[in-house]
1. Among what's in region 108-165 and is among the β-branched types (Val, Ile, Thr), in a loop (DSSP other than H, G, I, E, B) and in contact with a helix residue (DSSP H, G or I) (Cβ under 8 Å, 6 or more places away or on another chain), pick the residue that is nearest to ALA407 (Cα to Cα).
2. Given the criteria at pLDDT 95 or above and outside the structural domain of ALA281 (by TED's automatic domain parsing), does PHE555 qualify?
3. Which residue is surrounded by the fewest Cβ atoms within 10 Å (Cβ to Cβ), if the candidates are limited to region 630-675 and must be in contact with a helix residue (DSSP H, G or I) (Cβ under 7 Å, 6 or more places away or on another chain) and in a strand (DSSP E or B)?
4. I'm checking my understanding of the structure. Among residues of region 413-434 that are of a type outside the set (Lys, Arg) and not in a loop (DSSP other than H, G, I, E, B), which one is surrounded by the most Cβ atoms within 10 Å (Cβ to Cβ)?
5. Which pairs do you get when a residue that is outside any helix (DSSP H, G or I), found in region 360-381, comes within reach of a residue that is of a type in the set (Lys, Arg), reach meaning Cβ atoms under 7 angstrom, with the pair 6+ apart or on two chains?
Amino acid sequence: MLRRFLPAIALVACVTVVAQPPRRKPAPTFPWSDPTLSPDNRADLVVKELTLDEKIQLVHGIGWGPLREGDPVPADNNGGAGEVEGIPRLGIPSLQEADSAVGVRMAAQQSRYATLLPSVLSAAASWDPEAAHLYGDVIGRELRAQGYNQSIGGGTNLARDPRNGRLFEYPGEDPVLAGTTVGHVIMGVQSNNIMGDIKHFALNDQETGRTVVDVHMTRKAMHESDLLAFEIGIRIGQPSSVMCSYNKIDGDWACENKYLLTDVLKGQWHYPGFVVSDWEATHTTTKAALAGLDMEQPGIHHFAEDLKTAVQKGEVPQARLDDMVRRLLRSMFAAGVIDHPPTPRTVVDPFRGRDDAQHIAEESIVLLKNADNTLPLDGARKQNIVLIGAHADVGLMSGGGSAQVDAPGGDPTHPGQPTEWGQAVYFNSAPLRYIREHAPNSNVTFNPGTDIKSAAEAAKQADIAIVFADQYMSEGGDAPTLALPDNQDALIAAVSKANSKTVVVLVTGNPVAMPWIDSVSGVLEAWYPGIGGAQALANLLFGTVNPSAKLPITFARTDADLPHDRIFGLTYKTTNGGLPEHWVDEAKNETFPADYTEGVRFGYKWFQSENKTPLFPFGFGLSYTSYTYSNLAFNKGTNTASFTVTNTGSCRGTEISQAYIQLPAAASEHFHRLAGFTRTALNPGESKTVTIPLEPLALKSWNEPQASWEQLPGTYTLSVGPSSADLPLHTSVVR
């Protein structure tokens with residue numbers, strides 16, 4: 001009897017396997033669904049169909065939503081930093097925004113994974129546009145997989161002060177390097193049909209009193225420094241949005257500063273995207289809208305009912321509201337978020353992300369000192385190696401604030417415990433593990449470094465002592481000094497006194513002073529190196545990877561060498577000067593000035609013009625091989641510098657060559673400007689002819705009365721070499 005039923009059972013099983021899922025209802029088509037139309041035409045078609053209420057809905061966020069308990073959260077909310085509700089009847093999706101400066105924030109709250117990349121300052125140290133593009137690609141593809149359609153990263157503020165708490169989110173002190181780096185990060189993000197962003201526009205160069213500080217600077221200085229970085233970044237990256245900053249500029253909040261948003265951004269630069277406020281950085285309705293702000297975030301204080309009323313009364317023209325909406329829609333069409341919506345619940349590949357993060361870290365960790373060729377270490381040798389400090393047995397530190405990526409598995413220094421805003425978070429990338437893998441014949445031990453006497457004794461018994469020193473930096477506060485925190489300078493001094501073969505690995509968000517520099521054998525600036533940081537560090541320490549990175553920021557010896565001995569508004573009682581860090585009491589109108597009288601003269605330009613010698617100059621970085629330069633030519637027609645680079649050492653390496661311009665005497669500048677750079681891989685003994693395209697705006701001066709760039713007549717001096725302070729090649733051209 002059983003045999004009689006077998007064919008029927010087999011048939012049922014077969015039918016079950018090949019059954020097709022129910023077909024989805026096809027998405028409705030609209031006139032603007034045609035991808036052959038330009039983003040501008042498509043946006044215009046949508047705007048014509050929107051009601052007034054729908055237009056208002058598109059120019060503000062939902063409120064704090066998941067970021068603040070009790071706030072309403074729409075059913076489609078993706079759990080990110082912000083949302084703008086879409087218009088389903090017209091096929092316009094909601095804007096789902098995520099903090100993503102160094103990776104996607106808040107992923108763990110919904111059991112997601114996000115790759116922690118090296119800090120942006122670290123990525124700038126690679127001087128590699130391809131690595132910057134990869135950086136953005138990691139963020140973009142993981143945003144897409146997690147259901148977001150906009151990144152709100154893209155930090156471009158210059159390192160006007162090296163103690164800035166968010167400096168690790170920013171790409172250094174030079175506008176050409178910074179703008180190029182961030183522009184390519186944005187390109188990488190948007191290559192995934194994710195909307196990119198650039199921020200904080202502009203002059204948001206400190207965290208102390210960031211919502212009340214009033215920045216004073218000449219417009220010439222603005223355009224030749226901070227604004228130039230944004231101009232280059234926007235030109236290269238073409239971001240969907242520009243985020244205006246918290247601070248004031250000459251009395252006007254940045255998010256209602258007409259000169260900044262309309263005259264410069266949308267006028268001189270012809271920027272077609274939309275301007276979004278930083279969270280709670282909108283202070284008015286009519287003034288902000290007329291000045292050029294297009295979207296209020298995160299909520300509904302000024303650009304909801306108040307804006308609707310202002311439009312109905314004619315205080316804000318209907319054409320201006322239409323322009324605000326059109327700019328958003330244009331960006332959505334241009335980025336492809338409507339034609340190619342994100343794919344939520346796609347599994348993020350953590351191994352691919354880690355490998356990419358490790359590659360970027362290997363290009364970004366800077367070798368600052370290597371006395372007597374202490375490095376690379378010999379992995380085959382039998383020796384005693386001790387690692388000291390900074391939890392190097394279990395992980396590496398990351399930066400905080402809205403850039404904080406969740407550590408997979410939790411913080412290994414506080415297992416099983418939740419982390420809170422303002423708490424340093426370590427990632428499970430343990431130097432001890434990977435150094436042991438590289439030195440299988442050695443005895444590799446760890447000392448926590450919390451007891452200086454114990455650490456010095458451990459160093460005394462070792463052949464090599466590697467001290468890990470770290471510095472926690474975060475949004476919301478600045479460092480009071482350049483000194484390492486927590487008595488780590490004393491630890492390094494004691495260890496180096498006990499062992500002449502001491503190597504220091506700095507895991508920091510910012511440049512730091514090094515009073516112990518003459519007593520140590522080696523120094524590596526690792527920045528915040530990300531989830532693959534320990535692997536990258538081990539590869540560099542043992543020579544599997546030859547260091548190539550160079551500093552994107554000057555390291556001063558002391559605070560006294562800087563243009564200002566401390567951050568504006570900072571007191572020694574608090575890192576925020578006793579002022580509101582985020583929430584502004586409008587009635588009190590609290591404010592204080594930041595007078596940047598140095599103008600463009602900060603970083604390497606300050607040290608050159610003041611004839612001061614820094615601890616380490618901008619553009620500096622060592623290698624395990626050596627290079628020479630020759631045969632410089634300045635082609636005025638193509639605006640390029642050509643020269644020969646030769647690897648004169650014994651191992652393969654990559655040299656970062658830098659080209660600087662000294663403007664004619666009429667500019668009255670006592671410094672040179674970075675105008676271009678490139679990376680060149682060379683085998684031992686190999687020579688290559690290198691050509692660097694020079695940034696046109698680096699060769700020009702801002703004419704403030706005419707509000708435009710001008711080419712000054714006279715002699716331009718081109719200098720080329722391995723750093724801003726080491727330029728062996730020079731030539732001149734008269735224009």
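The values are calculated or read from the model by the stated rules, or taken from the named source; none is laboratory data. Everything numeric in this text was worked out from a predicted model, so none of it was measured. Methodologically, a virtual Cβ is constructed for each residue, glycine included, from the backbone with ideal geometry; neighbour enumeration extends over all protein chains shown.
1. The initial filter retains those residues of region 108-165 that are among the β-branched types (Val, Ile, Thr), namely 115, 120, 138-139, 152, 156.
From the residues that got through so far, the ones that are in a loop (DSSP other than H, G, I, E, B) too are 115, 152, 156.
With the extra rule that they be in contact with a helix residue (DSSP H, G or I) (Cβ under 8 Å, 6 or more places away or on another chain), the set shrinks to 115, 156.
Working: THR115: 9, THR156: 25 Å.
Residue satisfying both the conditions and the ranking: THR115.
2. Numbers: at pLDDT 95 or above: yes; outside the structural domain of ALA281 (by TED's automatic domain parsing): yes.
Answer is yes for this residue.
3. Checking each candidate, the answer is ILE661.
4. Filtering region 413-434 down to residues of a type outside the set (Lys, Arg) leaves 413-432, 434.
Then drop every residue that is not not in a loop (DSSP other than H, G, I, E, B), which leaves 426-427, 431-432, 434.
On the way: TYR426: 23, PHE427: 25, PRO431: 29, LEU432: 21, TYR434: 20.
Of everything passing the filter in region 413-434, PRO431 is surrounded by the most Cβ atoms within 10 Å (Cβ to Cβ).
5. VAL366/LYS550; THR374/LYS501
Residues checked against (1) farther than 17 Å from ASP197 by Cα; (2) assigned by TED's automatic domain parsing to the domain that holds LEU329; (3) among the polar types (S, T, N, Q):
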| position | (1), (2), (3) |
| --- | --- |
| PRO272 | no, yes, no |
| ALA281 | no, yes, no |
| THR284 | yes, yes, yes |
| HIS302 | yes, yes, no |
| LEU307 | yes, yes, no |
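Conditions tested, residue by residue: (1) at pLDDT below 95; (2) in a loop (DSSP other than H, G, I, E, B); (3) more than 30 Å from ASN373 (Cβ to Cβ).
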site: TRP527; (1), (2), (3): no, yes, no
site: GLY530; (1), (2), (3): no, yes, no
site: GLN535; (1), (2), (3): no, no, no
site: ASN539; (1), (2), (3): no, no, no
site: THR544; (1), (2), (3): no, yes, no
site: PRO563; (1), (2), (3): no, yes, yes
site: ARG566; (1), (2), (3): yes, yes, yes
site: THR571; (1), (2), (3): yes, yes, yes
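Here is a yes/no grid of residues against (1) buried (at least 24 other Cβ atoms within 10 Å of the Cβ); (2) closer than 17 Å to PRO175 by Cα; (3) touching a Gly at 6+ places or on another chain (Cβ under 6 Å):
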site	(1), (2), (3)
ASN193	no, no, yes
HIS200	yes, yes, no
GLY209	yes, no, yes
VAL212	no, no, no
ALA221	no, yes, yes
SER225	yes, yes, no
GLU231	no, yes, no
ILE236	no, yes, yes
